[in-house]
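The values are calculated or read from the model by the stated rules, or taken from the named source; none is laboratory data. A quick note: this is a predicted structure, and the numbers were derived from the prediction, not measured. Cβ atoms come from the backbone with ideal geometry, glycine included; neighbour counts cover every protein chain shown. In case anyone asks, the SASA skips ligands and DNA or RNA and just uses the protein heavy atoms, side chains included. Shrake-Rupley method; radii C 1.70, N 1.55, O 1.52, S 1.80 Å.
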Amino acid sequence: MAARAPGADPGPSQLTLDSQTAAAVREAVLGLDRWFDSQRVKGGYGGPVVHWWRDCLHFTGAGLDWRYEGILIGYLNLWAATGEGRWFDKAKRAGDDLVAGQLPNGNFRNSQFELNPGIGGTPHEAACDLALLRLALALRSIGDLSWLNYVATAQRNIEGFLIGQLWDERRRWFRDDPAVDGFVPNKAATIAEAFFALAQLTGDSRWADDYALPTLEGVLEHQQTGGELDGAIAQNSFGSHRVLKFFPFYVARCLPALIEAHAWSGDARFAEAVRRAAQFVLRTRLPDGSFPQVLYPGRRINPWPQWIAATGDMLRALCAAQAVGFSFDPLPTLRWLLAGQRPDGGFRAAVGFGRVTPFGRADDPRDALSVCGWEDKAFRFLASTGLDSKVTYHDPN
Amino acid sequence: MSINRVIPIAGDTLVAGCYRRETSLEYSLAFDLALPASLAGPLLAVLSAPELTVELLKRVTGPIHLAVCEWMKPSTSIAQFVPWAQSDLKAVRWQEAAGSYTQLLWAEPEAQAASEIAAALRRAALPGATLYVIASGPLRRWLPAWQRPPFPAQQPLNAGGVVAALNVTGWEVESRIAFHGPRSIAWSWMYRLAEAFGRPDLGDRCLFAMRATYQEPGWLWPLAPLALIRARAS
């Protein structure tokens, strides 16, 4: 991993791009930046949402959900790569949206993404906390005392909602819902990332030792052993009942927290879990670089919809897994991702929304939509790769 | 059909409890369609229960005026909703409301005094103003919000009754939509069958199909749990 400024993602050091691809990445990042600006509404970044679980096409107000994870950290990545203050300003503007959008009880307004409008979204509020803590790390590194304000906002949510509502003391992990004995590994992993960031920021290891690591033990329990699904992580569980659906995207979302757990604890089980999960994700990759949506036991598979913008998170996770000895060629997926950009700078959400339903159709308009909460994933990865300090980002607008 | 659960927290306020309640897809779609992102001027709303106020606070970034209703007692004063609002929120009496509004909402009308309220809404509306009415139907008992108290209304008026009341009070009904009608109900049963027979892959496809067929023509309201009616002040 290449070292980066505090708050930014570590760049994927083993990724080498030819000049043509590097130029395409730069253009894509600038296009996304312009597109994000076009999505500003009162209170933050708005727009419709299309998703596997549900769509939110009518409500298009600002959503303070996981879109802020990729947008804010993506701008920190750009700032780290270029040293240009305007990227930092945009990261800070995103942080200010979250501070202003915190409700009287500590939740964030409209944090449920595809279920918006609503509050208490998982993993969305944890993703917002993570973004705020990364911003605080960056601000502290330059001696800006406003970092305390962002930490206070994140900590209020972490203590009031994540610990206050979702922490299950008996199982020692974070539930997905205070009222239900349920666990969702990828969401718990995002929460763990926020707790690692808080531990790093405060120097208090209990955030990692008492919350993040026990929760990630729960993720390990959900990993499959043997067979064609070896390394896959079950989507969720209710009590002792595992829901045996395996989404490569969500398995990838577990990896960054497991990598941090290994770095924090030195426990080799976390590194092994990362390698096996990454191998599973890679085994599902199709020749064009895309991934199927979901796999089921018995070799059943549903390819649709195949994410485009969201593959940025998969690339980020798989590249990060190189830290524990995993290797792969990211270029096929990078090409798949870049080919999905539209002239307005946004990326298509997916291919095949209409093919999911029985007697489905190929031309579903949801495919062509750009969604802040998917674009952020492309943006964050692209802003962390193919860039170096010699690059000057010139925005023609 | 999605669940409608309340996340209890110690010392929680009514508003926070309502805010955390996950809204079922029918109500969510109805409120989304009735409340566009930006409204020209304040919205006048008539709500049959305080819980419904939260659906407005979630969506409306401009001023909201609530017509004074039976539930606005000291214990459930709208003052507790104010810190959660994105703009001004206040209660208005019908006398203050006359001839002022271009956007109006009536959620879960009560059968009692429906004609009087429809007429009062018409007096509050400017010519050409738009009124949305969200009304549950005979299948409402299948909705999570209607499975345990407090219910959204005490004596709910169904869509047919709403249209009749609007027609005689100076409103012109322009369109109607029913939510979760026969097609999506059938797909939801197929989803359950597929899950029961150990085919979650087929179940997921049926669930997608259920969502894709959630909105039905308004004339199907007797076979759907919820309807949305749009009317214009004539």
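For the reader, a short list of remarks on this structure follows.
- Checklist (1) away from chain B (no Cβ under 14 Å); (2) without any contact (Cβ under 8 Å) to a residue 24 or more places away in the chain applied to A:G118, failing item: (1)
- Answer residue from region B:192-226, given it is touching a residue at least 60 places away in the same chain (Cβ under 8 Å) and either of a type in the set (S, T, Y) or touching a Lys or Arg at 6+ places or on another chain (Cβ under 6 Å) (or both) and is nearest to the other protein chains (Cβ to nearest Cβ) among those: B:Y214
- The residues in region B:83-125 that are more than 14 Å from chain A (Cβ to nearest Cβ), of a type in the set (S, T, N, Q) and within 27 Å of B:E26 (Cα to Cα) can be counted, and the count is 4.
- Taking residues in region A:155-170 that are farther than 14 Å from A:L130 by Cα, and partners anywhere that are open to solvent by 40 Å² or more (accessible area, probe 1.4 Å) and of a type in the set (D, E, K, R), the pairs with Cβ atoms closer than 7 Å and at least 6 places apart or on different chains are A:L166/A:R175; A:D168/A:R175.
- Of all residues in region A:58-78, those that are within 13 Å of chain B (Cβ to nearest Cβ) and either without any contact (Cβ under 8 Å) to a residue 12 or more places away in the chain or not in a loop (DSSP other than H, G, I, E, B) (or both) total 1.
- If you go through region B:46-105 and keep only what is under 20 Å from A:L64 (Cβ atoms) and aromatic (F, W, Y), you end up with B:F81, B:W84.
- Checking the stated criteria, B:R183 turns out not to satisfy the condition of being more than 14 Å from chain A (Cβ to nearest Cβ) and open to solvent by 50 Å² or more (accessible area, probe 1.4 Å).
- Considered as a group, the residues in region A:200-243 that are part of a loop (DSSP other than H, G, I, E, B) and of a type in the set (A, V, I, L, M, F, W, C) include one that is surrounded by the most Cβ atoms within 10 Å (Cβ to Cβ), and that residue is A:A232.
- Residue match in region B:194-206 (condition: surrounded by 18 or more Cβ atoms within 10 Å (Cβ to Cβ) and within 29 Å of B:E70 (Cα to Cα)): no
- The residues in region A:102-115 that are assigned to a loop (DSSP other than H, G, I, E, B), open to solvent by less than 10 Å² (accessible area, probe 1.4 Å) and touching a Cys at 6+ places or on another chain (Cβ under 9 Å) can be counted, and the count is 1.
- A:A197 being outside any strand (DSSP E or B), of a type in the set (A, V, I, L, M) and open to solvent by less than 30 Å² (accessible area, probe 1.4 Å): yes
- Here is the figure for region A:290-325: residues that are among the basic types (K, R), under 23 Å from B:R205 (Cβ atoms) and assigned to a helix (DSSP H, G or I) total 0.
Here's the yes/no breakdown for (1) away from chain B (no Cβ under 14 Å); (2) out of contact with any strand residue (DSSP E or B) (no Cβ under 8 Å at 6 or more places or on another chain); (3) aliphatic (A, V, I, L, M); (4) within 23 Å of A:A22 (Cα to Cα):
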position	(1), (2), (3), (4)
A:R283	yes, yes, no, no
A:L295	no, no, yes, no
A:I301	no, no, yes, no
A:D313	yes, yes, no, yes
A:A317	yes, yes, yes, yes
A:F328	yes, yes, no, yes
A:F353	no, yes, no, no
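- Subset of region B:201-234 [within 30 Å of A:R299 (Cβ to Cβ) and in contact with an Asp or Glu (Cβ under 6 Å, 6 or more places away or on another chain)]: B:G203
- Residues located in region A:1-58, provided they are buried (at least 16 other Cβ atoms within 10 Å of the Cβ) and acidic (D, E): A:D9, A:D33, A:D55
- Among residues of region B:24-46 being in a loop (DSSP other than H, G, I, E, B) and more than 7 Å from chain A (Cβ to nearest Cβ), the one that is nearest to A:V49 (Cα to Cα) is B:P36.
- Within region B:74-191, strands (runs of 3 or more DSSP E) holding 1 or more residues that are touching a residue at least 60 places away in the same chain (Cβ under 8 Å) and under 19 Å from the mean Cα position of the chain (by Cα): B:101-107, B:125-136, B:171-179
- Being among the charged types (D, E, K, R), modelled with pLDDT of 95 or more and over 18 Å from A:T202 (Cβ atoms) is a property that A:E114 has.
- Residue that is farthest from the chain's Cα centre (by Cα) [pool: residues in region A:92-111 that are of a type in the set (A, V, I, L, M) and more than 10 Å from chain B (Cβ to nearest Cβ)]: A:A100
- Any hit, region A:323-334, residues being charged (D, E, K, R), in contact with a Phe, Trp or Tyr (Cβ under 6 Å, 6 or more places away or on another chain) and open to solvent by 30 Å² or more (accessible area, probe 1.4 Å): no
- Residues located in region A:23-76, provided they are modelled with pLDDT under 95 and under 13 Å from A:D376 (Cα atoms): none
- Here the condition is being away from every other protein chain (no Cβ under 14 Å), surrounded by fewer than 23 Cβ atoms within 10 Å (Cβ to Cβ) and acidic (D, E); of A:D129, A:D144, it holds for A:D144 alone.
- In region A:230-251, the condition of being among the β-branched types (V, I, T) and closer than 23 Å to A:A362 by Cβ is met by no residue.
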